[in-house]
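Some notes on the structure that comes next.
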Amino acid sequence: MIKLQFDDAQVRELANRLHALGGAISRPAMQDIGEQMVRSTRQRFAESKAPDGTPWEPNSETTLARLVANHRSKKKTRTGGRTLTQKGVQRLAAKKPLIGESKSLSTQIHYQATDTSVTVGST
């Protein structure tokens with residue numbers, strides 16, 4: 001299971017300040033906020049970084065082993081293991097933390113804006 005958490009205190013503070021200045025925030029303003037949040041989230045996935053700029057933890061050995069499980073050659077090594085096929089090497093080299101084979105978590109990010117809120121998520 002993947003669990004994502006983020007601190008939206010800065011966004012809420014900005015929304016409260018905007019609300020105090022002129023009443024309700026317009027839907028176009030909420031849409032702009034949503035679009036910016038989606039852009040920044042996609043950029044963080046591309047850079048493998050958390051919202052605070054720290055790099056993601058590397059993939060675990062288990063994750064990497066599952067990734068290449070079906071891409072081992074028939075040839076055995078001296079120790080009895082099997083070497084990776086070229087496809088396995090390519091998959092291993094391209095794997096980023098938190099991004100699975102479908103890459104849907106990093107590409108299917110969307111937002112929904114109302115007059116009072118913005119919700120960002122991945123389907």
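Here residue 108 qualifies as at pLDDT 65 or above and either hydroxyl-bearing (Ser, Thr, Tyr) or surrounded by fewer than 12 Cβ atoms within 10 Å (Cβ to Cβ) (or both). Residues in region 19-39 that are surrounded by 11 or more Cβ atoms within 10 Å (Cβ to Cβ), hydrophobic (A, V, I, L, M, F, W, C) and modelled with pLDDT of 75 or more: 29, 30, 33, 37, 38. State whether one or more residues within region 1-10 are under 13 Å from the mean Cα position of the chain (by Cα), modelled with pLDDT under 80 and either in a helix (DSSP H, G or I) or of a type in the set (Gly, Ala, Ser) (or both). The answer is no; no qualifying residue exists. What are the residue pairs meeting all of these: first residue in region 29-50, first residue small (Gly, Ala, Ser), second residue surrounded by 15 or more Cβ atoms within 10 Å (Cβ to Cβ), Cβ atoms under 6 Å, and 6 or more apart or on different chains? Once the first residue is small (Gly, Ala, Ser) and sits in region 29-50, its partners that are surrounded by 15 or more Cβ atoms within 10 Å (Cβ to Cβ) give 34/111; 34/113; 34/118; 48/56; 48/96.
The values are calculated or read from the model by the stated rules, or taken from the named source; none is laboratory data. Only a predicted model underlies this, so the values are computations on that prediction, with no experimental measurement involved. Methodologically, a virtual Cβ is constructed for each residue, glycine included, from the backbone with ideal geometry; neighbour enumeration extends over all protein chains shown.
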